[in-house]
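These notes concern the structure reproduced below.
The values are calculated or read from the model by the stated rules, or taken from the named source; none is laboratory data. Here the structure is a predicted model, which means the values were calculated and not measured. Don't worry about glycine lacking a Cβ; one is built from the backbone with ideal geometry, like all the others, and counts go over all protein chains shown.
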Amino acid sequence: MQGKEFLNINELAGGAVQEAISFALGEIFENIKDPNTQAEKARKLNITLELKPDETRQIIKMKTTCRTVLVPVNSITTQLLLDRAGNKLVATELLKNDPNQMDFDEITQNKNNKILEMNKEA
């Protein structure tokens with residue numbers, strides 16, 4: 001194939017292909033810098049060039065697709081307390097250091113609470 005010139009991917013569609021690749025790389029770099037994602041997991045950039053010639057084989061429609069595979073944001077866990085208020089179910093978040101919430105150890109040690117002591121079997 002000596003003497004044949006091929007297209008420069010940076011110049012295709014007036015630079016739009018290069019722009020799409022740069023944009024996708026930017027998404028990946030942002031995902032890498034996000035402290036809410038796992039640092040060492042791989043990110044991917046899939047570039048698909050679909051070339052469809054016409055019947056004469058002289059005109060080719062080229063479609064470029066850039067798809068990123070990013071690392072999802074880390075899961076966030078919390079604890080909820082579920083209770084009934086009349087006929088309604090009510091859920092509240094169990095917060096540490098909330099002055100209105102006490103640990104069970106604190107409750108059993110506090111003599112002012114109206115808690116019945118249960119007999120323990122030996």
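Scanning region 61-75 for residues that are surrounded by fewer than 10 Cβ atoms within 10 Å (Cβ to Cβ) and either touching a helix residue (DSSP H, G or I) at 6+ places or on another chain (Cβ under 8 Å) or not assigned by TED's automatic domain parsing to the domain that holds LEU45 (or both) returns a single hit, SER75.
Looking at region 10-24, can you tell me whether even one residue there is of a type outside the set (A, V, I, L, M, F, W, C), in contact with a strand residue (DSSP E or B) (Cβ under 8 Å, 6 or more places away or on another chain) and surrounded by 10 or more Cβ atoms within 10 Å (Cβ to Cβ)? Among the residues of region 10-24, not one is of a type outside the set (A, V, I, L, M, F, W, C), in contact with a strand residue (DSSP E or B) (Cβ under 8 Å, 6 or more places away or on another chain) and surrounded by 10 or more Cβ atoms within 10 Å (Cβ to Cβ), which makes the answer no.
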